[in-house]
1. Residues His125, His137: which one is more than 26 Å from Gly278 (Cβ to Cβ) and modelled with pLDDT of 95 or more?
2. In this structure, is Ala27 over 21 Å from Phe281 (Cα atoms), more than 16 Å from the ligand (Cβ to nearest atom) and modelled with pLDDT under 95?
3. Look at Thr216 and say whether it is out of contact with any Pro (no Cβ under 9 Å at 6 or more places or on another chain), free of Cβ contacts under 8 Å to residues at least 40 places away in the same chain and among the β-branched types (Val, Ile, Thr).
4. From the list Val112, Val56, Val88, which one is in contact (Cβ under 8 Å) with a residue 40 or more places away in the chain and either part of a helix (DSSP H, G or I) or under 23 Å from Gln7 (Cα atoms) (or both)?
5. Would you pick out the residues in the stretch 228-283 that are part of a strand (DSSP E or B), charged (D, E, K, R) and over 17 Å from the mean Cα position of the chain (by Cα)?
6. Sort out which residues of the stretch 251-296 are acidic (Asp, Glu) and more than 17 Å from Ala85 (Cβ to Cβ), and write them in order of number.
7. Only one of (1) under 15 Å from Val249 (Cβ atoms); (2) under 20 Å from the mean Cα position of the chain (by Cα) is not met by Thr211, so which one is it?
8. Please state which of the following conditions Phe161 fails to meet, knowing it meets all the rest: (1) in a loop (DSSP other than H, G, I, E, B); (2) closer than 20 Å to Arg4 by Cβ.
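The values are calculated or read from the model by the stated rules, or taken from the named source; none is laboratory data. A quick note: this is a predicted structure, and the numbers were derived from the prediction, not measured. Here the Cβ is made from the backbone with ideal geometry for all residues, glycine too, and neighbour counts use every protein chain on show.
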Amino acid sequence: MPIRLPQLSRREFLKRAALAGAACAFAPQIHAGIFGKSRDQHTLVFFSDSHIAADVATVKSGVNVADNLSACVRELAAWPVKPAAVIVNGDLAFKSGLPEDYATFGQTLAPVRALAPVHLSLGNHDEREHFWNAFPHDAAKLKSVPQKQAAVFSSARANWFLLDSLEVTDQADGEAGAAQLAWLDRELSTRPGKPAIVVCHHNLRLAGATTGLKDTAAMEEMFAKHPQVKAYIFGHTHDWKISRHASGVHLINLPPTGYVFKDGRPSGWVRCALAAAGAEFELRCLDANHPEHAQVQTLKWRA
Ligand SMILES: [Zn+2]
């Protein structure tokens with residue numbers, strides 16, 4: 001269920017920062033990076049699996065999850081250009097989507113709102129009603145599918161389809177569901193000409209996957225039916241990796257901003273720069289010494 005948070009004006013951002021007062025860590029270096037730079041309309045930024053709890057001191061698997069998200073926010077604020085959009089792809093909340101988790105999440109992410117529109121989607125550790133209630137003024141009218149509010153937006157070189165795969169909070173699997181897939185089918189059919197990128201919290205449940213999207217087969221039918229689908233971007237596994245589906249669709253597994261499941265795997269965020277017939281993806285690891293940090297992978301879209 002994506003929520004779109006519009007970009008805040010400088011004035012509105014500073015007003016909110018002032019209202020948040022000392023409780024909100026708007027460090028001066030964040031302010032300095034946000035304003036007065038140009039936008040790159042082909043760059044999008046992905047965060048995923050932030051797992052933010054109400055208490056900013058919360059540690060999981062040896063990682064302070066709020067500190068990690070703050071570090072990603074600081075890096076993005078310091079990036080030389082503003083992205084066209086920022087997408088946070090689910091598992092915003094720590095475990096079960098408590099109202100207070102979203103309050104802390106919203107505060108931690110706040111500086112990003114002065115940079116670009118932000119799209120939020122849900123994972124299996126989120127809770128719909130609490131999520132909606134946390135952003136009462138920003139919950140845009142995206143009720144395209146009952147219960148599963150999917151959204152589509154356009155950037156210069158692609159159409160972006162944001163799906164909702166939250167089925168049951170705090171259960172590992174997820175599901176797009178027949179109604180949402182029918183919506184996706186219709187929306188893709190009306191946009192045949194431009195590359196389409198599908199963004200969903202859950203991985204496809206392909207060979208070797210123990211959890212993931214229950215309706216993987218139906219999603220694969222979408223790939224077969226709509227050749228403009230070029231990439232499927234997901235999180236959930238907390239394991240950064242780019243691979244390719246048999247159909248030629250690129251599978252981009254986002255790293256968590258929070259904790260990793262396996263020692264040595266990277267956490268951080270991802271920069272995506274669209275080209276005319278493909279895209280580059282770069283891992284921005286929180287550990288600048290990680291071997292995969294700043295590696296750029298250049299993908300070419302299938303025909
Ligand atoms: Zn997660």
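1. Working: His137 fails: modelled with pLDDT of 95 or more.
Only one candidate passes the filter, namely His125.
2. Working: over 21 Å from Phe281 (Cα atoms): yes; more than 16 Å from the ligand (Cβ to nearest atom): yes; modelled with pLDDT under 95: yes.
Yes, satisfied.
3. Working: out of contact with any Pro (no Cβ under 9 Å at 6 or more places or on another chain): yes; free of Cβ contacts under 8 Å to residues at least 40 places away in the same chain: yes; among the β-branched types (Val, Ile, Thr): yes.
In short, yes.
4. Values: Val112 fails: in contact (Cβ under 8 Å) with a residue 40 or more places away in the chain; Val56 fails: either part of a helix (DSSP H, G or I) or under 23 Å from Gln7 (Cα atoms) (or both).
Step by step, each of Val112, Val56, Val88 is checked, and only Val88 is in contact (Cβ under 8 Å) with a residue 40 or more places away in the chain and either part of a helix (DSSP H, G or I) or under 23 Å from Gln7 (Cα atoms) (or both).
5. Initially, the stretch 228-283 is screened for residues part of a strand (DSSP E or B), giving 229-234, 241-244, 250-253, 268-275, 278-283.
From what's left, charged (D, E, K, R): 230, 241, 244, 271, 280, 282.
Selection gives Lys230, Arg244.
6. Kept after step one, since they are acidic (Asp, Glu), are these residues of the stretch 251-296: 263, 280, 282, 287, 292.
Selection gives Asp263, Asp287, Glu292.
7. The number of the failed condition is (1).
8. (1)
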